[in-house]
1. Between Thr52 and Arg106, with labels modelled 7 Å along Cα→Cβ, what's the label distance in nm to one decimal, could you check?
2. What number comes out for accessible area per residue over the chain if the probe is 1.4 Å? Units Å², please.
3. For each pair in Lys13/Lys55; Lys39/Lys89; Lys22/Lys55, compute the distance between the two Cα atoms and list the pairs where it is over 25 Å.
4. Roll a 1.4 angstrom probe over the protein heavy atoms and tell me the percent of accessible area of segment 25-73 that is carbon or sulfur.
5. Ordering Asp70, Asp20 by accessible area with a probe of 1.4 Å, largest first, what comes out?
6. On a 1.4 Å probe surface of the protein chains, which of Tyr23, Tyr68 comes out largest in accessible area, and what is the full order?
7. Just grab the label-to-label distance for Gln37 and Thr61, each label 7 Å out from Cα along the Cβ direction, in nm (one decimal).
8. Tell me the accessible surface of Ser4 in square angstrom (1.4 angstrom probe, heavy atoms of protein chains only), to the nearest ten.
Amino acid sequence: MLISIPPFEEISKVLSFQEDDKYKASYEYTLILSDAQTKSETFTSLFTKVRTMVKENKRDTAKSFKQYSDELCKKLYSIHPDIELIYNKTYISILITSITISEMRRL
């Protein structure tokens, strides 16, 4: 599976991280890069679930990326509660945004 992850600056810009949150976000972004490279079964399963959710739940242009990723994150946790034990909200939000940006580039 080929995974395209946009540069952190682009993700940070669209998610509008506050200065304090950028450090945590950059750490989670690094974890995503590492997970994508090792292609663990857990990450591959998560990526597939999130990508399917992104495709099935198109972003309303009136909503910010932050609002969109928050909504999908809540939905993901409600459907698969165990995911929250492994992946935090920031990680999932960055993954959702990465997939959304990548999907937009394919158009």
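1. 1.5
2. 62
3. Lys22/Lys55
4. So the carbon and sulfur contribution to the accessible surface is 50 percent.
5. Largest accessible area first, the residues go Asp20, Asp70.
6. Values: Tyr23 165, Tyr68 10 Å².
Ranked list, largest accessible area first: Tyr23, Tyr68.
7. Here the answer is 3.8 nm between the modelled labels.
8. Answer for Ser4: close to 70 Å² accessible.
The values are calculated or read from the model by the stated rules, or taken from the named source; none is laboratory data. These numbers come from a predicted model, not from an experiment. Cβ sites come from the backbone with ideal geometry, for glycine too, and all protein chains shown count toward neighbours. Areas reflect the complete protein model, heavy atoms only, side chains present, ligands, DNA and RNA absent. Shrake-Rupley method; radii C 1.70, N 1.55, O 1.52, S 1.80 Å.
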